[in-house]
Each structure stands twice: as C-alpha cells, then as structure tokens.
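The values are calculated or read from the model by the stated rules, or taken from the named source; none is laboratory data. Since the structure is predicted, the reported quantities are computational estimates derived from the model, not experimental observations. Note that each Cβ is placed from the backbone with ideal geometry, even for glycine, and that neighbours are counted across all protein chains shown.
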Amino acid sequence: MPWPIGLLLLSVGVVTASDNHNYTCPSCSEDLEFVKMMRINEVKNTILEKLRLSRVPNITSADLEHLPPIDQLISDFGLSSDMYSDQPMEPLGENTYYEDDKFHVNVEQAALFPDTDVNPKYVEIAEWVAPENVFHFKLNAALLTRELRRAEFQFHLSCGVLHDLKSFTAVVETVVRDKDGYRTKKAGAIDVRNHRCGHNGRWIQIEVKKEALAPWFSSLGGEGNSLKFRIYDHTGQEVSLRLPNDGKFRPFLKMVLGDDGKVRKRRYVGINCEHVRPYKECCRYKFEVNFLDYGWEWIIAPRQYEAYYCYGECREMARKKYQPCCTPKSLRSINMLYMTDEKTIHHGNLPGMVVDICSCLA
C-alpha cells in the first residue's frame, strides 16, 4: 500500500525543532531498507501526482499487445526502455542551472488511438458522414494545456493491398459541424508511388494541418474530434478499403506538442557513494526503480531508471536551531512514455524525478 503523501513529504520538508520535537529525518534512519522503501513510495506517488492521476491506470500487457510495435513507438519518441542517470560532472559556476520545472508533466508527444465506445455524438455524426473509416479521438486534460505543433495520421496496409493498389493517394479529412449538420474538410494527403513493403506490411504517415485540429483544443477536447480516411487509385476513383478500428494495425494520430520554451542545460551531477564503503556524511546513493517489479505495465518506457536517494548524517549542522536533514538540493526530470485509461499513449517530461545533488538542509 502506498505511503501517504504527507508522510513522504517529510524527506524534503522544512521542519524546525520548535515545530516538532519528535521529528526524525527519514534519511537519518539507521534502517536502510526503510529509507529505500520511503524512496520507492515517494517515486510512485510523485508520478501519479505529476500525471494528474488519482489511481494507477488499469493497463496490462494484453493492452500493449494490440499496439503498433512497441519498439517502433519507443524509437519514434526517442526513448530507451532503460534509463540510467550517470552523467559526467561539471563544475559549479555562476551560470549553473538548477531545474525549476512546473510540478505537473509536460506532455511533449502523444499517440491517440480511435475510441471504440458507442457514443451519441458518434451516432449523430454517422447520420451525415458515412461511418466507414471515420475515427473518433478523445483528448484529456494533459493534452489540452499544451500547444499543438505538428500532427500526423499513421495507417497500415498489407503488402497484398499495396501491390493491388500500385500507386494511390491517401487523404485524411476532419469532421466539422456547420449550420446544416456535419461534413468533412481535407486536412492532409500523401501520394504513394512505390511498392516498398516490409515483412508485416507498411506504415504510412499523412501530415495533418495543425490548423485543421485547432478546434479540437478550443472546444476543450469534446467528443466530436473525428477524422475521415479515404484512398483514391491512380485514376482518381475512391477505393473501398476499410482500415481496422482495433488491433495492433489500427491507425493512430501522433501529436507533437509545444513545451514551455525553457532552455534546459546540463547540470552538475552529485557525487555517488557506495554502501559497501560506509560514508556517514550526507551523500547521494544509487537506487534503481524497476516499474515491472510493481506491476506498472502502463509505463512503456523507461521500464527502469536510476532515481537515486539521499542518505547520511548532518553532524556539522546538528547544533543549529533547525534540525538538518540530508535531502535533495536539486532534482532532474525524466522523459516517459505511458498509456492512460483511455488507451492513449503520452510522451511527457516529468520534473523532479532524479536526485542530482544531496545536501544538509533545514
């Protein structure tokens, strides 16, 4: 059972002797396993808070099996399944940058999969637009707070279909509402003129005009976010070809979202200590977090990373008015690829997940 957030905050809080005479700094405990347990629960609770999740998403390996190849997604988002935080140290100077990110995750990229639920809005749209190859998408709060920079619709065709079509044009249209009802408006297209095909077929990308998707964000992510897909042969005739709405070859919409414009510089990385050679003073120790050990299959990448933790005594400050605690002085962010309960894949930057420097603070 996760530790209460209030308890976890003791490891980074400021507590005076007059505030609590019985206060004991968690990192000063002689029970090293207790300190490690506190750190893992702090990491887990912090992730949920930063992602604005009230609970762990109900995602299992079975859900991931129906996605496009995971390796492709990880590669597309520029991540690794494992992430370690050892970096060369740089001397501290007046221009040293300590990360001061916003608390919550900044989603930088997302892969949205078609919503398969039956919804009155979708039924209404189907009365005006033929439902074949109409895909509906939901946007959650984490996306609506960002600025859309680029979008592309990705779809999959088998080698047999590619061979039969030879050359063709694929078009994606947004479903828009006017005073008379619903209609479609062209949002992107691609001409395919070769037969390149892999072992399992071919994924093809259509760049979608960001202005075509702008209403999705201004309408607060309502459930009328729909795209219509069409294919035309080399004569200009529309081809009757239906894309799957589920399974690992279903199409998806990839979005690239704007960041806060902050320039992130390399930072000083704290000196590591090893418990095999006990060092009593406050120091930074390695601590690997493996999400699979806790059943968190909803985190696609990294599967594990070095979080580090602070541990040791603060004897040089022990006589001061404030009770000192060995605690993080600076923290660093990590990039994460994860799936939400809506079966949407997000790629975001989570601040404050890696301990850079430990220090005795009061």
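ASP178 is checked against (1) in contact (Cβ under 8 Å) with a residue 24 or more places away in the chain; (2) over 19 Å from TYR232 (Cα atoms) and fails just one. What number does that condition carry? Evaluating ASP178 over (1) in contact (Cβ under 8 Å) with a residue 24 or more places away in the chain; (2) over 19 Å from TYR232 (Cα atoms) leaves (1) as the failure.
Okay, residues lined up against (1) in a strand (DSSP E or B); (2) surrounded by 19 or more Cβ atoms within 10 Å (Cβ to Cβ):
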| site | (1), (2) |
| --- | --- |
| ILE125 | no, yes |
| PHE135 | yes, yes |
| ARG146 | no, yes |
| GLU152 | yes, no |
| HIS156 | yes, yes |
| GLY160 | no, no |
| ARG177 | yes, no |
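When ARG177, ARG150, ARG196 are checked against the criterion of being within 27 Å of the chain's Cα centre (by Cα) and basic (Lys, Arg), ARG150 stands alone in meeting it.
Restricting attention to region 288-318, the residues that are within 17 Å of GLY352 (Cα to Cα) and in a loop (DSSP other than H, G, I, E, B) total 3.
Within region 139-147, at least one residue is touching a residue at least 12 places away in the same chain (Cβ under 8 Å), basic (Lys, Arg), closer than 30 Å to ARG52 by Cβ and touching a strand residue (DSSP E or B) at 6+ places or on another chain (Cβ under 9 Å).
Consider GLU132 carefully, then state whether it is touching a residue at least 60 places away in the same chain (Cβ under 8 Å), under 21 Å from GLU342 (Cα atoms) and of a type in the set (Asp, Glu). So GLU132 does not fit the description; no. Applying the condition of being over 14 Å from the mean Cα position of the chain (by Cα) and closer than 19 Å to LEU143 by Cβ to region 49-67 and asking which residue is surrounded by the most Cβ atoms within 10 Å (Cβ to Cβ) yields LEU67.
Any residue in region 187-194 that is at pLDDT below 90, in a loop (DSSP other than H, G, I, E, B) and surrounded by fewer than 17 Cβ atoms within 10 Å (Cβ to Cβ)? Within region 187-194, one or more residues are at pLDDT below 90, in a loop (DSSP other than H, G, I, E, B) and surrounded by fewer than 17 Cβ atoms within 10 Å (Cβ to Cβ). Pairing residues of region 292-303 that are under 12 Å from LYS44 (Cα atoms) with residues that are aromatic (Phe, Trp, Tyr), at Cβ distances under 7 Å and at least 6 apart in sequence or on separate chains, gives ILE299/PHE291; ILE299/TYR338.
Looking only at region 246-256, decide whether some residue is assigned to a strand (DSSP E or B) and in contact with a helix residue (DSSP H, G or I) (Cβ under 8 Å, 6 or more places away or on another chain). Within region 246-256, one or more residues are assigned to a strand (DSSP E or B) and in contact with a helix residue (DSSP H, G or I) (Cβ under 8 Å, 6 or more places away or on another chain). Cβ-Cβ contacts under 6 Å between residues 6 or more apart (or on different chains), taken from a first residue in region 234-245 that is under 13 Å from PHE168 (Cβ atoms) to a second residue that is acidic (Asp, Glu), are listed as VAL239/ASP233.
Does any residue of region 261-279 turn out to be modelled with pLDDT of 80 or more and at positive phi? No, there is no match, as no residue in region 261-279 is modelled with pLDDT of 80 or more and at positive phi.
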